[in-house]
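Since the structure comes first, as structure tokens, the remarks are kept for the end.
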Amino acid sequence: MDVDKNPRVSSLRLICLVAVAFLFVLSPHFVWPQSPQVIEVLADHDSRFKMAGMKDPVITVHAGAPVTLRITAVKAKDHNRDGSIHGFSLLRANDRSPVPGWDLLLKPGRQEFNLTAPAEPGEYVVVCTVVCSPDHDGMHMKFIVLP
Ligand SMILES: [Cu+2]
């Protein structure tokens, strides 16, 4: 019997072909998911958050997008018992409620956090949660979530 002319075999072939085509079209979404936005922040010795090229640092992200926070922390006057020298905690601007997963403690030096931006667009604020110096109360920065 000629295999090629068997209708079962040829329909199986067609299904395989369609499946492979689908995988080919969809593969970028599996193999290369949206690459994270890398944000570099300096949590400095003068109890201030700083970002290169910004006098008033603002973090801007898109709702639900992957974000890599690359933070360099430099010790101010004081530190926590656990060795944390600054904190990086994200709050909603309107009610100061914390954003889950965005309450970070910083150790001296460079550290990286892979996070997901808040799902809700709007205005947020980053605050330091370690009483790092007498100027600690001024250690905050704007954080904007775009749709
Ligand atoms: Cu602080």
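The values are calculated or read from the model by the stated rules, or taken from the named source; none is laboratory data. Given the structure is predicted, the values throughout are model-derived calculations rather than measurements. Positions of Cβ are backbone-derived with ideal geometry, glycine not excepted, and every protein chain shown enters the neighbour counts.
Taking region 90-104 as the range and being more than 13 Å from the chain's Cα centre (by Cα) and within 15 Å of the ligand (Cβ to nearest atom) as the test, only LEU91 passes. A single entry from PHE113, PHE88 fulfils the requirement of being touching a residue at least 40 places away in the same chain (Cβ under 8 Å), buried (at least 17 other Cβ atoms within 10 Å of the Cβ), among the aromatic types (Phe, Trp, Tyr) and in a strand (DSSP E or B): PHE88. Only one of the listed residues (VAL20, VAL38, VAL127) is away from the ligand (no atom under 11 Å from the Cβ), modelled with pLDDT of 95 or more and not hydroxyl-bearing (Ser, Thr, Tyr). That residue is VAL38.
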